[in-house]
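The structure under discussion appears below in the form of structure tokens.
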Amino acid sequence: MVRQPLQETAIAITARKEFEDLLAEEIPHLRRYARALTGGVDTADDLVQDCLERALRKRALWRPGGRLRSWLFRMLYRLYLNRRKRAAVEQRTLEHERGLLDASPATDRVAAHIEAADVVQALTQLPHEQRAAIVLIALEDVNYREAAWILGVRVGTLRSRLSRGREALRRLSADETAAPPLRSVK
Amino acid sequence: MIGRGLDGPGSHDDGSDRITHDDLMAYAEGRLPPGIVRRARVENWLRTHPADAARVRAYMHQDQCIRSAWGDVTNETIPDRLLPDRIRQQRRPTARPWLRPTAMVAAFALAMVTGFIAGRADLGGATPQADSDPRTSGEVAAQQQPITPAHGDIATGAGAAPLADGVLHPTTGAAGPLIPTESTHAPELRIAPVPEMMPPPAPATAPGGV
């Protein structure tokens, strides 16, 4: 009974270390998706931090056969949804402000491609579920099944979010190229 | 224009000539690898349907924009606070405060059980109601009137006092006035329950007492 623990902890430490290394590899992707979801650098990193904490806590639930990135993305997306829910009202205003504040770094980076700024701006006006789907598909190399699992919906739902979102985006960014660019807040 | 996937998303087999909106998306997202029949059909379709061709271009453009806006986030330096090592270390101190209330609850429950058993043991030792009730209430009345209705619990709380130590002081604080009122019984009350806090004494005394 008592002889095992020492050995076990050694194994446990290696396992944990391995897991943490794998986790570290995914951080850039998590940050990117979180950034695209929230639009803000700090908000995104807060989300990623929550996600990593949770992943470390729930490590036992991850089966090494599965794709760690999908597992993490699913977790991240849920945390994102929770946050939205928790701060539903206040979030709305925050997001508007955030959209404005973060427009600066984002537009800086995108400055070379003015159209990109349009699409990014239009994205913020989409329903968040549609935005999450489009951005996930555009940024990550995932198939629809994985993406649907990450977002916690069925493949059919994912498809319809994508197509509705893309159409809306098309209309919005077309509008915005036509209209003066300063119509961000309403 | 386009057949809007009446046959359900992606449910067509390659035999059907119908081009769905899903096909257009798949094509725009690069999900139709070259050489596949469906891809050739979509390309054919687009040649003769400029509106859909524009749509596909728009979708491709959306993805390009998204990638150019956030693509290089993956190359940014990861802030320290996101490193797993760091997170694990930060987690530890937060784990304890979380445990503390649990420990308090556990200690409190233990104290209650102990006190309860002690109370019963006490009852079993002497006459059922006559012993603890009138005596303690009398003493409580002498010391402090407002607590009278709760005196039964308070007596048991006093029994748990040595066990609970620092943690339970709020509870024993309520019981405080009783502790000094030793009389002949109180010392037994305080010491007795500690060793026998668990089941053993209860079945032994309870049947006789109650």
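The values are calculated or read from the model by the stated rules, or taken from the named source; none is laboratory data. These figures come from a predicted structure and were not determined experimentally. Heads up, the Cβs are rebuilt from the backbone with ideal geometry, glycines too, and the neighbour counts pull from every protein chain shown. Accessible surface is based on the protein model in full, side chains and every heavy atom, while ligands, DNA and RNA are left aside. Shrake-Rupley method; radii C 1.70, N 1.55, O 1.52, S 1.80 Å.
When A:Arg63, A:Arg35 are compared by accessible area at a 1.4 angstrom probe, the order from most to least is A:Arg63, A:Arg35. Per-residue Karplus couplings for the range A:55-62, computed as 6.51 cos²θ - 1.76 cosθ + 1.60 with θ equal to phi - 60°, are listed in order as 4, 5, 6, 9, 3, 4, 7, 8 Hz, Gly and Pro entered as x. Sorted largest first by accessible area at a 1.4 angstrom probe radius, with every protein chain in place, the residues A:Tyr80, B:Tyr27 fall in the order B:Tyr27, A:Tyr80. Backbone phi angles across the range A:140-154, fed through the Karplus curve with coefficients 6.51, -1.76 and 1.60 (θ = phi - 60°), yield HN-Hα couplings of 10, 7, 10, 8, 4, 5, 4, 4, 5, 5, 4, 7, x, 10, 7 Hz in residue order; Gly and Pro are listed as x. Electrostatic bookkeeping for A:Lys17 treats Lys and Arg as +1 and Asp and Glu as -1; over the other residues with beta carbon under 14 Å from its beta carbon, the sum is -2. Counting Cβ atoms of other protein chains within 10 Å of each residue's Cβ and taking the mean over peptide A:45-58 gives 3. The mean number of Cβ atoms from other chains found within 10 Å of a Cβ in peptide A:151-163 is 3, as a whole number.
For B:Tyr59, neighbours were defined as the other residues whose beta-carbon sits under 11 Å from its Cβ, and their charges (Lys and Arg +1, Asp and Glu -1) total 0. Counting, for every residue in B:52-61, the Cβ atoms of other protein chains within 10 Å of its Cβ and taking the mean gives 3. Other residues lying with their Cβ under 15 Å from the Cβ of A:Arg67 contribute a combined charge of -1, Lys and Arg counting +1, Asp and Glu -1.
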